[in-house]
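To start, the structure under review is shown below, and the notes come after it.
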Amino acid sequence: MLRIIAALMFTFAGAMYGVSRSLGLRTRVKRSEEIVSMLERIAVIIRTTGSDVYSICRILASDSSFNELRFRDRLPAQHDITEDFHVIWQEAVSSQTDLTADECALLSELGRCIGTSDCEGQLKVLSALTEKARGIHTAASEAYTSKGRLYRSVGTLFGAMAGIIII
């Protein structure tokens, strides 16, 4: 009886591992959607109001639709002459450790470019970054579609296999 319980526990543990890996892929898809949405939102803000970077940071921090982009909570809300905005942006992006290398590079590039030129120049940069972000989102969606079910199935299979070995 104890072996059967152990076998069921191993099967359950394997299934949970597979589900957790699949959820990680789904989180990546959601985060990439939020990056595209954030870039589009910044473009709208610049196009309509011509706001400075600190106003943009305040708007992003107050927007609850970017929950996966936790780095925005570390962005400055007002100008401080002793600090460089671009350095603070880079540190904030680096502090979010669950970003992929592509996402981190894209957000770092955004931090280097935002607020360095006129509105038209910033809009062109944002347009190019949005296209890159859409490519990242497409890749994340394809990975989730192809690997999500695989992780769930293989996790359950390996758990069941370990359970059978115990029996």
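Is it the case, given these coordinates, that Ala13 is in contact with a Gly (Cβ under 9 Å, 6 or more places away or on another chain) and among the hydrophobic types (A, V, I, L, M, F, W, C)?
yes
Consider the stretch 61-83. How many of its residues are in a loop (DSSP other than H, G, I, E, B), of a type in the set (D, E, K, R) and more than 23 Å from Leu25 (Cβ to Cβ)?
3
When the stretch 88-123 is examined, which residues are found to be open to solvent by 50 Å² or more (accessible area, probe 1.4 Å) and not small (Gly, Ala, Ser)?
Correct list: Gln90, Glu91, Thr97, Asp98, Asp102, Glu109, Arg112, Thr116, Asp118, Cys119, Glu120.
Could we say that Ser141 is among the hydroxyl-bearing types (Ser, Thr, Tyr) and either open to solvent by less than 40 Å² (accessible area, probe 1.4 Å) or modelled with pLDDT of 90 or more (or both) here?
Yes; evaluated as a whole, the condition is true for this residue.
Out of (1) among the polar types (S, T, N, Q); (2) touching a helix residue (DSSP H, G or I) at 6+ places or on another chain (Cβ under 9 Å); (3) without any contact (Cβ under 8 Å) to a residue 40 or more places away in the chain, what's the single condition that is false for Ser64?
Exception for Ser64: condition (2).
Could we say that Arg41 is assigned to a helix (DSSP H, G or I), surrounded by 15 or more Cβ atoms within 10 Å (Cβ to Cβ) and out of contact with any Gly (no Cβ under 7 Å at 6 or more places or on another chain) here?
Criteria met by Arg41.
List the residue pairs whose Cβ atoms are under 8 Å apart, where the first residue sits in the stretch 1-18 and is basic (Lys, Arg), the second is open to solvent by less than 80 Å² (accessible area, probe 1.4 Å), and the two are 6 or more positions apart or on different chains.
Short answer, once both residue conditions are applied: Arg3/Ile166.
With the structure loaded, tell me whether Thr156 is open to solvent by 50 Å² or more (accessible area, probe 1.4 Å) and either touching a His at 6+ places or on another chain (Cβ under 9 Å) or acidic (Asp, Glu) (or both) or whether it fails that test.
Taking the combined requirement at face value, the residue does not satisfy it.
Looking only at helices (runs of 4 or more DSSP H) that lie completely in the stretch 84-167, which have at least 1 residues being touching a residue at least 60 places away in the same chain (Cβ under 8 Å)?
In the stretch 84-167, the matching helices (runs of 4 or more DSSP H) lie at 101-113, 119-166.
Residue check: is Arg31 closer than 25 Å to Leu123 by Cα, touching a residue at least 40 places away in the same chain (Cβ under 8 Å) and surrounded by fewer than 18 Cβ atoms within 10 Å (Cβ to Cβ)?
No.
Sort out which residues of the stretch 124-138 are closer than 16 Å to Val44 by Cα and open to solvent by less than 20 Å² (accessible area, probe 1.4 Å), and write them in order of number.
Matches in the stretch 124-138: Leu126, Leu129, Thr130.
Tally the residues that are among the charged types (D, E, K, R) and in contact with a Phe, Trp or Tyr (Cβ under 7 Å, 6 or more places away or on another chain), restricting the search to the stretch 58-114.
1
The values are calculated or read from the model by the stated rules, or taken from the named source; none is laboratory data. Being a predicted model, the structure only gives us computed values, none of them experimental. Here the Cβ is made from the backbone with ideal geometry for all residues, glycine too, and neighbour counts use every protein chain on show. Note: areas computed on protein heavy atoms with side chains; ligands, DNA, RNA excluded. Shrake-Rupley method; radii C 1.70, N 1.55, O 1.52, S 1.80 Å.
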